[in-house]
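The values are calculated or read from the model by the stated rules, or taken from the named source; none is laboratory data. These figures come from a predicted structure and were not determined experimentally. Cβ placement follows ideal geometry from the backbone for every residue including glycine, while neighbour counts extend to all protein chains displayed.
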Amino acid sequence: MILKPVDPAAVIRDPVTKQPLPASGDEVPENTYWTRRWLDGATWRRDGNEWVRRLPDGAVERVPAEAAPPPAPPVEAAPPAQPTDHESVAPLATR
C-alpha cells in the first residue's frame, strides 16, 4: 500500500527502520501499524488514481492523484564561516 502524510511537515516513522515517511509518499507493508495510521486520518492512501483519507467522523475524502509529485525545494548550502575579529585566542604560555 502507498501512503503519504496528510500534513507534509508531520513525522510518521516506520516502526522497523525508524525512518520518517516521505511527504511525497512511499510503499509500506499492509500491516496493523500502517492501517491504523490511515484509519486515524494521519495519512493519505493511494487508491488507483486517487488519494484517499479517513476523516474524524468516519467519512472518506478523495482527491485526484497528481501526475507527478511536485519537486522538493532545493536545499541551500550554508555559506562558509567567515573569520571575525571577535574570536577568542588562547594566551601564550612562556617560562
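Select from region 13-28 the residues that are surrounded by fewer than 13 Cβ atoms within 10 Å (Cβ to Cβ) and outside any loop (DSSP other than H, G, I, E, B) and list them in ascending order.
If the condition is that a residue be surrounded by fewer than 13 Cβ atoms within 10 Å (Cβ to Cβ) and outside any loop (DSSP other than H, G, I, E, B), then Arg13, Glu27 are the ones that fit.
May I ask you to list the residues in region 2-26 that are at positive phi and either over 14 Å from the mean Cα position of the chain (by Cα) or of a type in the set (S, T, N, Q) (or both)?
So in region 2-26, the residues at positive phi come out as 18, 25.
Within region 2-26, none qualify.
Out of all the residues in region 11-43, which are acidic (Asp, Glu) and farther than 13 Å from Arg54 by Cβ?
Going through region 11-43, the residues acidic (Asp, Glu) turn out to be 14, 26-27, 30, 40.
If the condition is that a residue be acidic (Asp, Glu) and farther than 13 Å from Arg54 by Cβ, then Asp14, Asp26, Glu27, Glu30 are the ones that fit.
For region 54-69, enumerate the residues that are loosely packed, with under 15 Cβ neighbours inside 10 Å and outside any strand (DSSP E or B). Steps first, please.
First, the residues of region 54-69 that are loosely packed, with under 15 Cβ neighbours inside 10 Å: 55-64, 66-69.
Scanning region 54-69 gives Leu55, Pro56, Asp57, Gly58, Ala59, Glu66, Ala67, Ala68, Pro69.
Checking the structure you have, find out if any residue of region 43-53 is surrounded by 14 or more Cβ atoms within 10 Å (Cβ to Cβ), aliphatic (A, V, I, L, M) and assigned to a loop (DSSP other than H, G, I, E, B).
No - not one qualifying residue is present in region 43-53.
Take the residues in region 27-85 that are within 19 Å of Ala10 (Cβ to Cβ), aliphatic (A, V, I, L, M) and under 17 Å from the mean Cα position of the chain (by Cα); name whichever of them is modelled with the highest pLDDT.
Among them, the one singled out is Val28.
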